[in-house]
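First comes the structure, then the notes that go with it.
The values are calculated or read from the model by the stated rules, or taken from the named source; none is laboratory data. Predicted model only: the values in this text are computed from it and were never measured. Glycine also receives a Cβ, built like all others from the backbone with ideal geometry; neighbour counts cover every protein chain displayed.
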Amino acid sequence: MPNPSDLSVGVIRIEGTNCEDESAAAFSSLGCYSEKVHLKQLLGEVEESSRRNIMDYDALYFPGGFSSGDYIRAGAIFAARIKSGLKSQVDKFIKEGRPVLGVCNGFQILVELGALPGTDSGISIVPDAVLHTNDSNRFEARHVHLRVEDNSQSFFTNKYETNQVLSIPNAHAEGKLMMSKEKFEELKNNNQIAFRYCDNKGNLEPGYPWNPNGAAYDIAGITNLQGNVLGMMPHPERVLHGWQHADWTSTGQDPSGPGDGRALFEGVVDFLCQ
């Protein structure tokens, strides 16, 4: 079995990406080698010594931000550049069961790419969903509460307890997951909903501001059918440590202990080390 030090994680970025440092640090803190890779390095648009191959990584991470200024739609340009030069490689990566994680803008990218909600064969030809403008019509930035879905079958969530309530920072203007009624039913029937917005007691359908964007069924994160691709709007990489929780002094949380986001990354590493 491999050790964490044998694992390589590619954090993919372009102009406008942010949180790549925190994202890479999350995996590095667990002993993995993590590399921040510009998309041009994967597309071969740099000198040969700087080029990289997606298939050399054990896991891929698409971080947050405002890639390409979020023109057209959030994540659309990033996804189009991937489709134009790397679609077959990304499709193979997913079909092989390797982990792919997209957070905030990364979630938007994976949806635009067709990797989420995904298909039996990997990536859909055209997007089946969109992350639309928040119902409040404004940027929402604060800690939100998420409930880990009890029927989630993904390794991304298996380090959490059933129905555990998490406190995770949220920062987005386009986080309302929208798709057809039939697609929403498929998500529920296939156990693809990983996280749902809730109140601080774990109650669902809490309304605004607990649900910051108005997504149906309070959806905050989903996986593909295989469970190896996860997209979520809140930022787990921002609460890797207890001291990163805004309320640790009032809740009694150990500042030297793990934050609520750490178990997600641990789930990826444990899966790859099996």
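Just to be sure, is Ile54 among the aliphatic types (A, V, I, L, M), at pLDDT below 95 and within 24 Å of Leu272 (Cα to Cα)?
no
It is to be established whether one or more residues within the stretch 35-45 are of a type in the set (Asp, Glu) and at pLDDT below 95.
no
Within the stretch 160-171, work out how many residues are of a type in the set (Ser, Thr, Tyr) and either surrounded by fewer than 20 Cβ atoms within 10 Å (Cβ to Cβ) or more than 22 Å from Asn224 (Cβ to Cβ) (or both).
Count: 2.
Within the stretch 241-274, track down each residue that is outside any helix (DSSP H, G or I) and either among the aromatic types (Phe, Trp, Tyr) or in contact (Cβ under 8 Å) with a residue 24 or more places away in the chain (or both).
His245, Ala246, Asp247, Asp260, Gly261, Cys273, Gln274 - these are the residues of the stretch 241-274 that are outside any helix (DSSP H, G or I) and either among the aromatic types (Phe, Trp, Tyr) or in contact (Cβ under 8 Å) with a residue 24 or more places away in the chain (or both).
Cβ-Cβ distance below 7 Å, separation of 6 or more or different chains: which pairs start in the stretch 31-55 with a residue that is without any contact (Cβ under 8 Å) to a residue 60 or more places away in the chain and hydroxyl-bearing (Ser, Thr, Tyr) and end on one that is in a loop (DSSP other than H, G, I, E, B) and surrounded by 13 or more Cβ atoms within 10 Å (Cβ to Cβ)?
Tyr33/Leu7
Could you list all residues from the stretch 109-133 that are under 19 Å from Phe93 (Cα atoms), outside any loop (DSSP other than H, G, I, E, B) and at pLDDT 95 or above?
Result: Ile109, Leu110, Val111, Glu112, Leu113.
Considering every residue within the stretch 15-22, establish whether at least one is under 19 Å from Asn224 (Cα atoms) and surrounded by 24 or more Cβ atoms within 10 Å (Cβ to Cβ).
No; the residues of the stretch 15-22 include none that is under 19 Å from Asn224 (Cα atoms) and surrounded by 24 or more Cβ atoms within 10 Å (Cβ to Cβ).
Could you tell me whether Thr157 is in a loop (DSSP other than H, G, I, E, B), loosely packed, with under 14 Cβ neighbours inside 10 Å, among the hydroxyl-bearing types (Ser, Thr, Tyr) and out of contact with any Lys or Arg (no Cβ under 9 Å at 6 or more places or on another chain)? Reasoning before the result, please.
Working: in a loop (DSSP other than H, G, I, E, B): yes; loosely packed, with under 14 Cβ neighbours inside 10 Å: no; among the hydroxyl-bearing types (Ser, Thr, Tyr): yes; out of contact with any Lys or Arg (no Cβ under 9 Å at 6 or more places or on another chain): yes.
Against the criterion (in a loop (DSSP other than H, G, I, E, B), loosely packed, with under 14 Cβ neighbours inside 10 Å, among the hydroxyl-bearing types (Ser, Thr, Tyr) and out of contact with any Lys or Arg (no Cβ under 9 Å at 6 or more places or on another chain)), Thr157 does not qualify.
Select from the stretch 227-266 the residues that are of a type in the set (D, E, K, R) and over 18 Å from the mean Cα position of the chain (by Cα) and write down the one among them that is farthest from Gly106 (Cα to Cα).
Residue satisfying both the conditions and the ranking: Asp254.
When the stretch 188-209 is examined, which residues are found to be touching an Asp or Glu at 6+ places or on another chain (Cβ under 6 Å), buried (at least 17 other Cβ atoms within 10 Å of the Cβ) and farther than 18 Å from Met178 by Cα?
Residue satisfying the conditions is Pro206 alone.
Name the residue, out of Gly257, Gly221, that is surrounded by 17 or more Cβ atoms within 10 Å (Cβ to Cβ) and either under 13 Å from Leu146 (Cα atoms) or small (Gly, Ala, Ser) (or both).
Details: Gly257 fails: surrounded by 17 or more Cβ atoms within 10 Å (Cβ to Cβ).
Result of the check over Gly257, Gly221: Gly221.
Pairs under 7 Å by beta carbon, first residue within 17 Å of Gly44 (Cα to Cα) in the stretch 70-91, partner acidic (Asp, Glu) and buried (at least 16 other Cβ atoms within 10 Å of the Cβ), six or more apart or different chains?
Ala79/Glu112
Only residues that are in a helix (DSSP H, G or I) and in contact (Cβ under 8 Å) with a residue 60 or more places away in the chain: list them for the stretch 191-240, please. Can you show your working first?
First, the residues of the stretch 191-240 that are in a helix (DSSP H, G or I): 216-218, 236-239.
Those that are in a helix (DSSP H, G or I) and in contact (Cβ under 8 Å) with a residue 60 or more places away in the chain: Pro236, Glu237, Arg238, Val239.
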